[in-house]
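First the structure, in the form of structure tokens, and then the observations on it.
Values in this text are rule-based calculations from the coordinates and carry no lab data. Bear in mind that the values here come from a model prediction, so they are computed numbers and not experimental data. For neighbour counting, all protein chains shown are included, and Cβ atoms are generated from backbone atoms with ideal geometry for every residue, glycine included.
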Amino acid sequence: MKRAAQLFKALSDETRLRILGLLLDGELCVCDLVAVMEMPQSTVSRHLAYLRNNGLVSDSRHGVWMHYRLADGNSGLQQDLLDMLRKNLKGQSGFQADQKRLDTYMHRKQKPACC
């Protein structure tokens, strides 16, 4: 029961949901998330660490930059929650706006500025 409460608490923050929504289509660098979300790197990194510590995202280092992606669900509940996010977040207007900003950002980003 405690693990379930931790997962729901991780999903109870709008910033963390936005991050998960942006990661639905694949791995992103912290710099990409910072640019799209228009938030300080420290804020984005703190929320990514929270999501990582709760098993919702995984990371890999590319030079000095960290890249994040949705984690493979370690438990049935975790996998069900990630599946629910995949099905339902894309239809939400806030997530559509984030996705549009990400698409525009990635299109303008001719070569990786950070990674």
Quiz item: Can you find a residue in the stretch 45-55 that is more than 21 Å from residue 5 (Cβ to Cβ) and either without any contact (Cβ under 8 Å) to a residue 12 or more places away in the chain or aromatic (Phe, Trp, Tyr) (or both)?
Solution: no
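Restricting attention to the stretch 53-74, report how many residues are β-branched (Val, Ile, Thr) and touching a helix residue (DSSP H, G or I) at 6+ places or on another chain (Cβ under 9 Å).
Looking only at that region, the number is 1.
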Quiz item: Mind checking which pairs have a first residue in the stretch 27-38 that is at negative phi and a second that is in a helix (DSSP H, G or I), Cβ under 6 Å, 6 or more apart or different chains?
Solution: 33/44; 34/41; 34/44; 35/105; 36/101; 36/102; 36/105
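For the subset of the stretch 46-90 comprising residues that are of a type in the set (Lys, Arg) and within 11 Å of the chain's Cα centre (by Cα), which member is farthest from residue 23 (Cα to Cα)?
At the first step, the residues of the stretch 46-90 found to be of a type in the set (Lys, Arg) are 46, 52, 61, 69, 86-87, 90.
If we keep only those that are within 11 Å of the chain's Cα centre (by Cα) as well, we get 52, 69.
Values: 52: 13, 69: 6 Å.
Only one residue tops the list, namely 52.
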Practice problem: Sort out which residues of the stretch 7-40 are of a type in the set (S, T, N, Q) and surrounded by 12 or more Cβ atoms within 10 Å (Cβ to Cβ), and write them in order of number. | Solution: 15
Exercise. Kindly state which helices (runs of 4 or more DSSP H) lie completely within the stretch 1-54 and contain at least 1 residues that are within 14 Å of residue 67 (Cβ to Cβ) and basic (Lys, Arg).
Key: 41-53
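Name the single residue that is farthest from residue 99 (Cα to Cα) among those in the stretch 15-24 being out of contact with any strand residue (DSSP E or B) (no Cβ under 9 Å at 6 or more places or on another chain) and in contact (Cβ under 8 Å) with a residue 60 or more places away in the chain.
17
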Practice problem: Please tell me if residue 98 is surrounded by 15 or more Cβ atoms within 10 Å (Cβ to Cβ) and not in a strand (DSSP E or B). | Solution: yes
Exercise. Using the structure shown, decide if residue 58 is among the polar types (S, T, N, Q) and touching a Phe, Trp or Tyr at 6+ places or on another chain (Cβ under 9 Å).
Key: yes
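Within the stretch 62-81, is even one residue assigned to a loop (DSSP other than H, G, I, E, B), in contact (Cβ under 8 Å) with a residue 24 or more places away in the chain and either crowded, with 17+ Cβ neighbours inside 10 Å or touching a strand residue (DSSP E or B) at 6+ places or on another chain (Cβ under 7 Å) (or both)?
No - not one qualifying residue is present in the stretch 62-81.
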